[in-house]
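Report on one structure; see the data block that follows.
Read-outs throughout are calculated quantities, based only on the coordinates presented, and are distinct from any laboratory measurement. Note that the structure is a prediction, hence the values are computed from the model and not measured. We place every Cβ from the backbone using ideal geometry, glycine too, and count neighbours over all the protein chains shown.
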């Protein structure tokens, strides 16, 4: 049965790691399970798959342009420190950051308290949502090492005391007032 297939070409594609195993199987019109068994029998060791679905997922993961811009800013500033695995926390952080910005604008416009139709003041629900969102942003920022205190805990100390505007100054302020 194995003479039906061009095993040299299959081996080349399999070992290169450019295609997923499913893509290699489809390209060579071979059953994926059979390909796995043959690769194991022939002791093929695959190179790490370079093709990533992360960019496609990332493009669809953001709730707004603000979130996407924040993601790009953090990724560029943090460099190799953050990996694709960190996107699990980074994407929600950026979405919460965008939500926080939007809620801040609404609360500034409407106020912390709202007067009901009967003339009774009550807490603006957007204000409570804002507080919750700020807590989430701070928590995720700490998780990713984006706050000064979280970097100090892992031994990364800033090189100088000259503080430039940071991408998450709001989290440092929120941390200081213990939000």
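The table for this structure:
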{"read-out": "Whether region 57-158 is rounded, prolate or oblate, judged on the alpha carbon gyration tensor where a/c under 1.5 counts as rounded", "value": "prolate"}
{"read-out": "Percent of alpha-carbon pairs separated by more than 12 Å within region 2-41", "value": "52 percent"}
{"read-out": "Spin-label pair residue 65/residue 20, simplified geometry with 7 Å Cα→Cβ offset, distance in nm", "value": "3.2 nm"}
{"read-out": "Listed peptides 114-120, 94-100, 11-17, 27-33 by packing density, highest first (mean Cβ within 10 Å)", "value": "94-100, 11-17, 27-33, 114-120"}
{"read-out": "FRET efficiency, residue 101 to residue 122 (Cβ-Cβ, R0 30 Å, nearest 0.05)", "value": "0.80"}
{"read-out": "Rough spin-label spacing in nm, given labels placed 7 Å along Cα→Cβ, for residue 37 and residue 139", "value": "4.8 nm"}
